[in-house]
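Structure record follows, encoded as structure tokens.
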Amino acid sequence: MDTQTAVRVRFAPSPTGFLHVGNVRTALFNWLFAGRNEGVFILRIEDTDAERSKLKYEKQLIEDLQWLGLEWGEGIERGGECGPYRQSERYAIYQQYAQRLLDENKAFRCFCTEEELEQVRQAQLAHNEMQRYSGKCRHLSPAEVQDRRKSGAASTVRLRVRPGTVGFSDLVFGRIEIDTNQISDPVLLRSDSSPTYNFCCVVDDTLMKISHVIRGEGHLSNTHRQILLYEALGVSIPQFGHLSTILGPDGQKLSKRHGATSIEEFRKQGYLPEALVNYLSLLGWSPPGEGQEILPLDEIKQQFDLSRVLKSPAIFDTAKLDWMNRSYLSKIPIDALVEMAKPFAVRASLIPGQMDLQTKEWFTQAVDLIKTRIDYLDQIASEMAIVYGFDTDPPKLDAEAQDLLRNPEARAVALEFLRLVMERDILTPEIYREIVAKVKADTKQKGRNLFHPIRAALTGCGSGPDLEKLIPLYEEGSRLNLPRKVMSCRERLKAIFTIDDLRMTI
Ligand code: GLU
């Protein structure tokens with residue numbers, strides 16, 4: 001590919017909050033597009049909103065992108081020949097370009113105050129007219145401008161919008177053309193001479209030789225203004241591809257109400273970056289092969305094509321993300337999974353920060369037992385509840401176990417099991433099988449009627465993982481020095497039968 005057609009795309013976040021799924025999908029599609037076309041992916045920080053931009057958000061978004069594996073070839077922290085890549089460090093450049101447009105009479109100074117502009121807006125509103133700049137200062141003579149400036153009047157710099165139509169062929173939305181009379185002369189420099197988003201964006205996309213601008217649909221209306229700016233600067237115009245808005249399953253704009261939306265939150269909950277990028281890549285795009293959903297990032301990159309991006313809104317469905325994350329988790333070898341689960345288990349006080357060999361072996365067995373039950377790693381705490389001691393006194397049984405143990409026949413099974421366990425010092429899977437055989441003979445119960453009450457009495461739950469695997473966890477766990485107590489089988493059974501309506505004397 002020669003330099004004329006080299007693909008250069010950018011992700012240009014404003015560091016005014018945590019990176020949410022909408023932004024990240026934009027970053028991802030840019031990254032994929034660059035990768036597919038052997039282009040360059042650039043990270044530029046748009047921090048022109050000095051009040052809302054925070055360094056902590058910039059740091060966080062850098063960390064999030066790195067965590068997701070969306071590395072950039074040029075940009076902030078990495079450098080490159082088109083830097084600096086933080087807009088607040090490029091102010092002198094914007095002033096220079098504004099001056100050039102003023103000198104060429106393609107921009108003009110506007111002395112209207114906020115109050116005057118507001119009055120015009122109100123009048124237009126009252127007459128049901130389109131709200132736009134009146135053009136009042138468009139034709140001030142150079143002498144008049146000079147006089148006003150000398151007298152200290154504040155002014156903004158506006159682009160002189162040309163008459164006619166302005167349009168572009170969006171790579172996703174198709175041709176979009178509008179009459180320029182719908183556009184107010186956009187402000188390029190505010191009265192404090194700070195540059196505006198549209199202006200910085202065009203200057204930077206030009207100087208950074210951006211070939212394709214891929215960004216959210218919310219920017220569609222900016223694009224017309226930006227094209228007029230490219231024209232005024234007499235520079236080439238990149239191609240545009242806008243990505244549809246992401247909605248929640250209820251069809252409303254994705255927000256906090258729908259659960260986690262920031263990458264930070266997903267990371268904290270223990271979603272895997274591979275699963276997240278895989279899921280996000282399918283928000284509005286699909287690979288050419290039917291039914292392909294679980295795809296590694298590299299494969300997605302090989303198949304990515306903007307022509308397969310849909311313009312209809314994409315639906316963010318946490319249930320599907322959960323399914324995908326679970327599928328990725330299931331492929332992780334147990335030792336690696338244990339390492340990943342560790343910080344989550346430490347945070348939930350399930351294991352100590354430093355584990356001896358015995359504890360580590362025990363924890364590995366515990367993770368192995370519940371691993372198919374979790375969608376994301378933070379669920380370790382709730383799924384491990386079945387292994388740890390009861391938090392409440394008297395212990396709380398789940399509704400199914402309670403119902404079951406109130407049934408006299410089921411209770412008889414559980415009590416017989418308890419009696420026989422109490423005769424032993426320890427329960428092993430072998431002894432357990434022996435005892436179950438005896439309970440079966442004594443109570444004449446079998447199948448569900450035999451195993452269900454035993455499970456309920458031992459675990460406090462109506463369902464759960466394999467009892468023969470749980471029993472050694474209870475027994476060995478009770479001998480370990482864990483931050484939260486694990487009760488032995490005898491302790492568990494005794495505790496459960498202290499509940500008032502199950503009370504019994506042992
Ligand atoms: N800073 C803008 C935003 O975060 C970027 C828009 C663009 O990509 O041009 O929405």
In deg cm²/dmol and to the nearest 500, what is the mean residue ellipticity at 222 nm of the chain if only DSSP H runs of at least 4 residues count, each as -39500 (n - 2.57), divided by the residue total?
-> -14000 deg cm²/dmol
Looking at the chain, which Cys residues are left with no other cysteine's beta carbon under 4.7 Å from theirs?
-> Cys82, Cys112, Cys200, Cys201, Cys461, Cys489
Approximate spin-label separation Asp378-Glu491, in nm, with each point projected 7 Å along Cα-to-Cβ = 2.9
P(r) tail for the range 179-221, what percent of Cα pairs lie past 11 Å?
-> 74
What's the extension gain from Ala336 to Arg175 if we count 0.36 nm per residue and subtract their Cα-Cα distance?
-> 53.0 nm
By average Cβ neighbour count within 10 Å, what is the ranking of 396-403, 222-229 from highest down?
-> 222-229, 396-403
By Cβ neighbour count within 10 Å, fewest first, Arg492, Arg347 rank Arg347, Arg492
Cut-off under 5 Å, modelled amide H: who pairs with Gly216 long-range = Leu243
In whole percent, what relative contact order does the range 377-506 give with Cα contacts below 8 Å and a gap of six or more residues?
-> 36
Provide the descending list of Cα extents for the range 97-139 along its principal axes, expressed in whole angstroms.
-> 38, 18, 17
Taking a cut-off of 16 Å between Cα atoms, list the aspartates and glutamates near Lys59, but don't count ones fewer than 8 places away on the same chain.
-> Glu46, Asp47, Glu71, Glu77, Glu264, Glu265
How about Lys446: which lysines have a C-alpha closer than 28 Å to its C-alpha, ignoring those fewer than 8 places off in the same chain?
-> Lys396, Lys438, Lys469, Lys494
For the chain, size of Cβ-based charge dipole, Lys and Arg +1, Asp and Glu -1, in debye | 500
Percent relative contact order for the chain, counting Cα pairs under 8 Å at least six residues apart, stands at 12
Per the Cauchy relation, a quarter of the hull surface: what is the mean projected area of the convex hull of the alpha carbons in the range 213-331, in nm²?
-> 9.2
Unsatisfied cross-links (Cα-Cα over 30 Å) in the set Lys360/Lys444; Lys268/Lys360; Lys56/Lys209; Lys54/Lys253 = Lys360/Lys444
Report the normalised scattering of the chain as log10 I(q)/I(0) at q = 0.05, 0.12, 0.13 Å⁻¹, calculated by the Debye formula with identical scatterers on the alpha carbons.
-> -0.34, -1.08, -1.20
Say each of Gln239 and Glu77 gets a label point 7 Å from the Cα, pointing the same way as Cα to Cβ; how far apart are those two points in nm?
-> 3.0
Expressed in angstrom and rounded, the centroid-to-centroid distance over alpha carbons for the range 252-331 and the range 346-364 is 32
Two-site FRET efficiency, Asp317 against Asp391, from Cβ-Cβ distance with R₀ of 45 Å, rounded to 0.05 = 0.85
Global geometry of the range 113-213, whether rounded, prolate or oblate, following the gyration tensor of its Cα atoms and the 1.5 cut on a/c = oblate
State, to one decimal in nm, how far the label point of Gln96 lies from the label point of Met130, with both points 7 Å from Cα in the Cβ direction.
-> 3.6
Residue-wise HN-Hα coupling along the range 292-309, computed from phi with Karplus coefficients 6.51, -1.76, 1.60 (Hz; x: Gly, Pro) | 7, 10, 7, 9, x, 3, 5, 6, 4, 4, 5, 9, 5, 8, 4, 5, 9, 8
Multiply the residue separation of Arg149 and Ser221 by 0.36 nm, subtract the distance between their alpha-carbon atoms, and state the gained length in nm to one decimal.
-> 22.7 nm
What whole-number value in cubic angstrom gives the convex hull volume per residue for the C-alpha atoms of the range 310-397?
-> 135
Calculate how many DSSP beta bridges within the chain are antiparallel, expressed in % of all such bridges and rounded to the nearest 5.
-> 55
Please work out the Cα convex hull volume for the range 206-259 and give it in Å³ per residue.
-> 96
Sorted by Cβ density within 10 Å, fewest first, the residues Glu81, Glu46 = Glu81, Glu46
By the C-alpha gyration tensor axes a ≥ b ≥ c (rounded if a/c is under 1.5, else prolate when a/b exceeds b/c, else oblate), the shape of the range 1-48 is oblate
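Any read-out appearing in this document is the output of simple, stated calculations on the displayed coordinates, not a laboratory observation. None of the values given here were measured: they were computed from a predicted structure. So basically every Cβ, Gly included, is an ideal-geometry build from the backbone, and we count neighbours across all protein chains shown.
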